[in-house]
Structures are given as structure tokens and as C-alpha cells.
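As C-alpha cells, the structure follows; a few thoughts come after it.
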Amino acid sequence: MFDAVLFDLDGTLADTAPDLGWAANALREAEGLAPLPLVTLRPYTSQGVRGLLRIAFDIAPGDAGYDQLAQRFLALYADRLCVDTVLFDGIAELLDQLEALGLTWGIVTNKRMRFTDPLVARLGLTPRTPCVVSGDTTAEAKPSPLPVLHACRLLNCRPERTLYVGDDRRDIVAGNAAGCRTVAAAYGYLGDSGPALAWGAEWIIDRPADLLACVRSHLRR
């Protein structure tokens, strides 16, 4: 029933919170502020610079000083892109098993290409997938369905035969709008957009291995 599986990156495939959180705290320290515990920053990691600056500085796009602060944050992050970032426990095994079942997989993230491509390479994923769609690959980023639809074209798979897995409401909104089957990764960051049960995902998984059980049950149909 499924031809492909698409994954969000931050909070779904990879635990990027330690390095992104470091950049937020380095910026706070430069501004004379005490660092925040990683547990405070972690839920906002999937929302990227916008979410982390909101929790670290109570500032949002359009506010005075936001653009300059965002550029400083990104410069810090670029220097520490994959120091403590790792794949979530169980992801490596999940990808092995998906490939063994003959399923292709790809990545659809809102992270910008200049960060996505080197990070995916350092995690050892680049040779394994022909599909890495970043936040600036298409004209719109998630929650628009455009990046997900672009990924389906790259993999030559039909959206209705594709699973999209993400840990933020916008992932599920984008996947549903593209016509994919959607899975909420409850082991991820989840953000502040309410409980995953309310996102409209078809399935919710508590660990990567749970996705394999879902895929296998449909392959038997």
C-alpha cells in the first residue's frame, strides 16, 4: 500500500536540540543573559530560529532587532552544526528495515538548504536517499503542501501511497494537504501547538520502531 516514507528532520529523524540550544544560549550569553536549560529550549527546536528566539528572547519576526538577532543565531549554529546532534534511537534500524522492505524514503524539512545538506551528509544519510527537500527548496515551506508534493515527485511516488512523519503540527497539516497519510512522532519536540492527538494525523507513534509495525500491517493487505 505504501511506496515511500517521508520524514521531517529536526525532532523526527535527528535530535538537533543540543546544537541549536547551544546557539541560542551562546547568543543569550553574548547579550548578558543567563543560559536556559536545554529542557526549556527543546520543545521549540522544530520551529527553528523563529521558535528558539521566541523562547530565548521573547522576540518574533517583524519585531525591532529580530532580523539581526536571527542572523547572529544562524552564524553561531553554522559553526556547531553537528557536534552533539545524533539520529534518534531506533532511526538507523528503522531506515535499514524500510530499505529491506523495498520502500524508498526521503526528508522534507523547513531547515534551510545551507544547513540541511551538510547536516544530512554528516549524519551519513546523503548516499541513502535521492530526496532532501529543504525549507527554501520550493516557493513555500511547511505548512504548505508544496515541499511534500515536490518530494513525492523526486521519489516518483503518489502522495496517497506515501507516509509523512513529523513531530510538529505543521508537518501533519502539510502532509494532509498534500494527500499523504500522516504520522505524528510523539517522541519528538512537539512544540507548543497543542497535543499531537489534535493535529489530525492518522497515526501517532511513541518510538521509531512503531512506524515499522504500521507499514508492515499495510503491506500485508
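In square nanometres, what is one fourth of the surface area of the convex hull spanned by the alpha carbons of the range 81-203?
7.5
Return the tail of the calculated pair distribution for the range 1-109, meaning the percent of Cα-Cα pairs more than 22 Å apart.
Counting pairs separated by more than 22 Å, the tail of P(r) holds 39 percent.
Based on the mean of other beta carbon atoms within 10 Å per residue, what is the order of 6-19, 196-209, 174-187, most packed first?
In decreasing order of mean packing, 6-19, 196-209, 174-187 become 6-19, 174-187, 196-209.
Applying a 10 Å radius around every beta-carbon, put 114-125, 147-158, 45-56 in order of their mean neighbour count, most first.
Ranked from most to least packed, the peptides come out as 45-56, 147-158, 114-125.
If I take R0 = 45 Å and measure r between the Cβ atoms of ARG122 and ILE204 in this structure, what FRET efficiency does the formula 1/(1 + (r/R0)^6) give, to the nearest 0.05?
0.95
Counting only other residues whose beta carbon sits under 14 Å from that of CYS131, what net charge do I get with K and R as +1, D and E as -1?
That works out to -2.
Take the alpha carbon gyration tensor of the range 17-78, find the square roots of its eigenvalues, order them as a ≥ b ≥ c, and report rounded if a/c is under 1.5; if not, report prolate when a/b exceeds b/c, else oblate.
Since a/c stays below 1.5, the shape of the range 17-78 is classed as rounded.
Spin-label point model (7 Å from Cα, Cβ direction): what's the VAL39 to SER144 distance in nm?
Inter-label distance under the simple model: 3.9 nm.
Cα convex hull of the chain: mean projected area in nm², to one decimal?
That works out to 11.5 nm².
Please give me the summed charge of the neighbours of VAL49: other residues whose Cβ is under 11 Å from its Cβ, Lys and Arg +1, Asp and Glu -1.
With Lys, Arg at +1 and Asp, Glu at -1, the net is +4.
Taking K and R as +1 and D and E as -1, what net charge do the other residues with C-beta under 11 Å from the C-beta of TRP199 add up to?
Cβ neighbours under 11 Å give a net charge of -2.
A short reminder: the numbers here are calculations on the coordinates, not readings from a lab. As the structure is a computational prediction, the values presented were derived from the model and not from experiment. Because the Cβ atoms are built from the backbone with ideal geometry, glycine has one as well, and the counts that use them run over all protein chains shown.
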